[in-house]
Amino acid sequence: MKQYTNVHGHKKMVALVLAISLCLACNSSVYAAAATQYEKAADFELADSTGALHKLSDYRGKVVLLNFWATWCKECVEEIPSLNSAIEKYKDQGLVVLGISIDREWKPIEKLLKTTPMQYPVLLDHTGAVFVGSYTIVRLPSSILINRDGFIIRKIPGSQDFDSRVIQNMITDLLKEK
Amino acid sequence: MTRTHAAIWTIALALFLGGCGPATFILNKDGVAAYFGRENGFLHTLLCDRGDLKQVLSETSIPANIQNDLYRYNCTAERSADKIISLYLYLSPEEKLELKHAFTKHDYRINYMSC
């Protein structure tokens, strides 16, 4: 009787292992399929206030958060503290935040930086080539989350709290991918 | 809550959520109205075929490359409502106002949006 129970239990265990394996196989194929559907982030090269050029493709291997903003956009400015908080928390794990301003010149940005420091590179898209041409942003602020392989994983239109659990989970999930 | 109250709240919520959403502004001419950048045969004739858009843009201080793109994505085969929304969003607040004022100078009526 005891032996029967053991055999029965063994069968149950095998079934459980098979079920788990099947689920994992299903999930991995779903992820694989999803990965092929992701759009490659368009490369660009923009300068920061020192004139140093930042090329998106140079950040391959990092999780990149592009944040499109302008000094005249109140909601954009309100996001800055939580973006600072996110970069402080995750930069050592491989997060890069690039603030892409659509202001026409540096003067208003430099003025803002005196009262609202930004702990990440601020780049100026003074021709609209990235904002309109490459990414066709239709909402301000807008953010785009790019994985380590350079694929757009999430477009995040509108004002966000980057300290929120939802966004932090998105970021940490991507940071876990190697 | 009555149905009327529910309808009012729904509209208010939609306006609140969508009020600052992706949009340009509404252009009116001779009783025909459409969002700037959206397909409309009558407005297309005026803006593109008659040349009103080029004239309006030339009266603003919008950078030349943006003026060209506003024309290109409104009036050519590359027409794109999303590109127009993005270009409009890219304009500074002063440029947005200038554009609207230039349209009104050409007898277009503008439905000023709150954002």
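A few points about this structure:
- Backbone N within segment A:63-87 under 16 Å of label point (7 Å from A:Asp163 Cα along the Cβ vector): A:77-87
- Here the residues B:Thr76, A:Thr71, ranked from fewest to most Cβ neighbours within 10 Å of their Cβ, fall in the order B:Thr76, A:Thr71.
- Taking Lys and Arg as +1 and Asp and Glu as -1, the other residues whose beta-carbon sits under 10 Å from that of A:Phe68 total 0.
- The overall shape of segment B:35-115 is rounded: from the C-alpha gyration tensor, with semi-axes ordered a ≥ b ≥ c, the ratio a/c is less than 1.5.
- Over all Cα atoms in segment A:26-178, the spread is summed up by Rg and Dmax: 15.1, 53 Å.
- On the beta carbon distance between B:Gln55 and A:Ser134, with R0 = 41 Å, the FRET formula returns roughly 0.85.
- Label point distance in nm, A:Lys55-A:Glu39, each placed 7 Å from Cα along Cα→Cβ: 2.3 nm
Read-outs: derived from the displayed coordinates by stated rules, not from any lab. Being a predicted model, the structure only gives us computed values, none of them experimental. Here the Cβ is made from the backbone with ideal geometry for all residues, glycine too, and neighbour counts use every protein chain on show.
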